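Worksheet: the structure to be examined is printed underneath.
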Amino acid sequence: MGSAEFTMLDKDTGGMGNSILAMPPRLSNEKFLEAYEVVLILDDREIFGSRGKRVVGNIHSKFHVPVEIKRLPVGDGIWIARHRRSHTEYVLDFIVERKSVTDLVSSIRDSRYKDQKLRLKKCGLRKLIYLVEGDPNPLGASESIKTACFTTEILEGFDVQRTTGYSDTESTYGHLTLSIIDYYSTNFSIGANTCRVCLTYDEFVKKCCDPKKLTVSDIFALQLMQVPQVTEETAIAVIELYPTLVSLARAYSMLDGDTPAQEKMLNMKSKMVNAGASRNIFKLVWGEG
């Protein structure tokens, strides 16, 4: 795969203000690569088996980018900008979740798939990449993989990358790294003083790990995602309006038994909740239908 294929970097990243991704701090007139070194960080639980060290070495030697291994609180890969003088590490606005087709099929069956995507959406990084590795056909799971990829990309806003195996995954990580370096080099002088500041690595870890246990809202979101037509985006939209099951039930009760109005309520309040999901959530909460 070539770097030209990574069109995700062009989605919603042009212009000023909220369109620019989070940037690390900038002193006047300094260029991005003068101030920072970009490092690809892979989770130490990334399943490359005995190939792990070789994968790191291959990416580094082929693409001339530094690669390090750390225990990540979420995701399988991130990119940091390490300041060349202070050595402060800022997490760039990209994160990868890598799934072999075998693991993806397994996680779909036991619901880890939805839980992991919800955690990615809440990690504070804007560009979410879902990397699916391998050929699903020998597993007899081609259609379920295609459906999962379609839902993840089109309905939930992830960028889905497909690779054929380890070697292709190495190249994908390398090309993504070069594309990210190019994006920040191009936009650093434009956006560093006008947009969000990247989290430091320590802030990123704290955001993802605190609290260590799921909140009531997290549990409610996971329950909602078991409802037909409710995606991660839908669940997040609902809990932003009603953080708990009790608060949602109270809102329904305020409509005095007007079932059509209750079924439409969430759809009317958020464009992220379609009519079918709105109706199905009402049936879940009210236990009717």
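Is it the case that Phe94 is closer than 18 Å to Leu128 by Cβ, touching a residue at least 40 places away in the same chain (Cβ under 8 Å) and aromatic (Phe, Trp, Tyr)?
When the stated conditions are applied, Phe94 passes them.
Is at least one residue of region 252-265 over 22 Å from the mean Cα position of the chain (by Cα), buried (at least 17 other Cβ atoms within 10 Å of the Cβ), over 18 Å from Glu156 (Cβ atoms) and at pLDDT below 90?
no
Taking region 153-164 on its own, how many of its residues are more than 22 Å from Thr177 (Cα to Cα) and part of a helix (DSSP H, G or I)?
Qualifying residue count, region 153-164: 2.
For the condition assigned to a loop (DSSP other than H, G, I, E, B), of a type in the set (Ser, Thr, Tyr), modelled with pLDDT of 85 or more and assigned by TED's automatic domain parsing to the domain that holds Gly174, what is the one hit in Ser28, Ser61, Ser86?
Criteria check complete, one pass: Ser86.
Check region 98-109 and report whether any residue there is without any contact (Cβ under 8 Å) to a residue 40 or more places away in the chain and either part of a strand (DSSP E or B) or closer than 27 Å to Val197 by Cα (or both).
Yes, region 98-109 has at least one match.
Do we find a residue being under 21 Å from Asp168 (Cβ atoms), more than 22 Å from the chain's Cα centre (by Cα) and surrounded by fewer than 21 Cβ atoms within 10 Å (Cβ to Cβ) anywhere in region 34-49?
yes
Per-residue answers, yes or no, for (1) surrounded by fewer than 21 Cβ atoms within 10 Å (Cβ to Cβ); (2) at positive phi; (3) in contact with a Pro (Cβ under 8 Å, 6 or more places away or on another chain); (4) modelled with pLDDT under 90:
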position	(1), (2), (3), (4)
Cys149	yes, no, no, yes
Val160	yes, no, no, no
Asp168	yes, no, no, no
His175	yes, no, no, no
Lys207	yes, no, no, yes
Ala221	no, no, no, yes
Glu240	yes, no, no, yes
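Sort through Glu68, Glu37 and tell me the only one that's over 24 Å from Cys149 (Cβ atoms), touching a Lys or Arg at 6+ places or on another chain (Cβ under 6 Å) and at pLDDT 90 or above.
So the residue among Glu68, Glu37 that is over 24 Å from Cys149 (Cβ atoms), touching a Lys or Arg at 6+ places or on another chain (Cβ under 6 Å) and at pLDDT 90 or above is Glu37.
Sort out which residues of region 263-289 are farther than 15 Å from Leu245 by Cβ and either part of a helix (DSSP H, G or I) or charged (D, E, K, R) (or both), and write them in order of number.
Correct list: Glu263, Lys264, Asn267, Met268, Lys269, Lys271, Ala275, Gly276, Ala277, Ser278, Arg279, Glu288.
Six or more apart or on different chains, Cβ under 9 Å: which pairs go from a residue in region 264-289 that's farther than 16 Å from Ser253 by Cβ to one that's among the basic types (Lys, Arg) and part of a helix (DSSP H, G or I)? Could you list them?
From region 264-289, the pairs are Asn267/Arg279; Ala275/Lys264; Ser278/Lys264; Ser278/Lys269; Arg279/Lys264; Gly289/Arg279; Gly289/Lys283.
When you go through Cys208, Cys149 one by one, which is the residue that is without any contact (Cβ under 8 Å) to a residue 24 or more places away in the chain and either part of a helix (DSSP H, G or I) or in contact with a strand residue (DSSP E or B) (Cβ under 6 Å, 6 or more places away or on another chain) (or both)?
Cys149
When you check Glu143 against the structure, is it free of Cβ contacts under 8 Å to residues at least 60 places away in the same chain and within 18 Å of the chain's Cα centre (by Cα), yes or no?
The answer is no for Glu143.
Only residues in region 240-259 that are touching a residue at least 40 places away in the same chain (Cβ under 8 Å) and not assigned by TED's automatic domain parsing to the domain that holds Ile281 count as the first member; pair them with residues that are of a type in the set (A, V, I, L, M) and surrounded by 13 or more Cβ atoms within 10 Å (Cβ to Cβ), Cβ under 8 angstrom, at least 6 apart or cross-chain, and list the lot.
none
In the list Ser167, Ser144, Ser171, which residue meets the criterion of being more than 30 Å from Glu37 (Cβ to Cβ), assigned by TED's automatic domain parsing to the domain that holds Asn58 and part of a helix (DSSP H, G or I)? Steps first, answer last, please.
Values: Ser167 fails: more than 30 Å from Glu37 (Cβ to Cβ); Ser171 fails: more than 30 Å from Glu37 (Cβ to Cβ).
Of Ser167, Ser144, Ser171, the one residue that is more than 30 Å from Glu37 (Cβ to Cβ), assigned by TED's automatic domain parsing to the domain that holds Asn58 and part of a helix (DSSP H, G or I) is Ser144.
If I filter region 96-106 for residues that are at pLDDT below 90, basic (Lys, Arg) and within 23 Å of Tyr183 (Cβ to Cβ), do I get at least one hit?
Narrowing region 96-106 to residues at pLDDT below 90: 99-106.
Retained after the next criterion (residues that are basic (Lys, Arg)): 99.
Narrowing further to those that are within 23 Å of Tyr183 (Cβ to Cβ): none.
Looking through region 96-106, none of the residues is at pLDDT below 90, basic (Lys, Arg) and within 23 Å of Tyr183 (Cβ to Cβ).
Return the pair list, or none, for Cβ contacts closer than 7 Å from residues in region 113-132 that are assigned to a strand (DSSP E or B) to residues that are of a type in the set (Ser, Thr, Tyr), at least 6 apart or on different chains.
Tyr130/Thr152; Leu131/Thr163; Leu131/Thr169; Leu131/Thr172
The values are calculated or read from the model by the stated rules, or taken from the named source; none is laboratory data. Please read all numbers here as calculations on a predicted model, not as lab measurements. Counting neighbours? That spans all protein chains shown, and the Cβs are built from the backbone with ideal geometry, glycine included.
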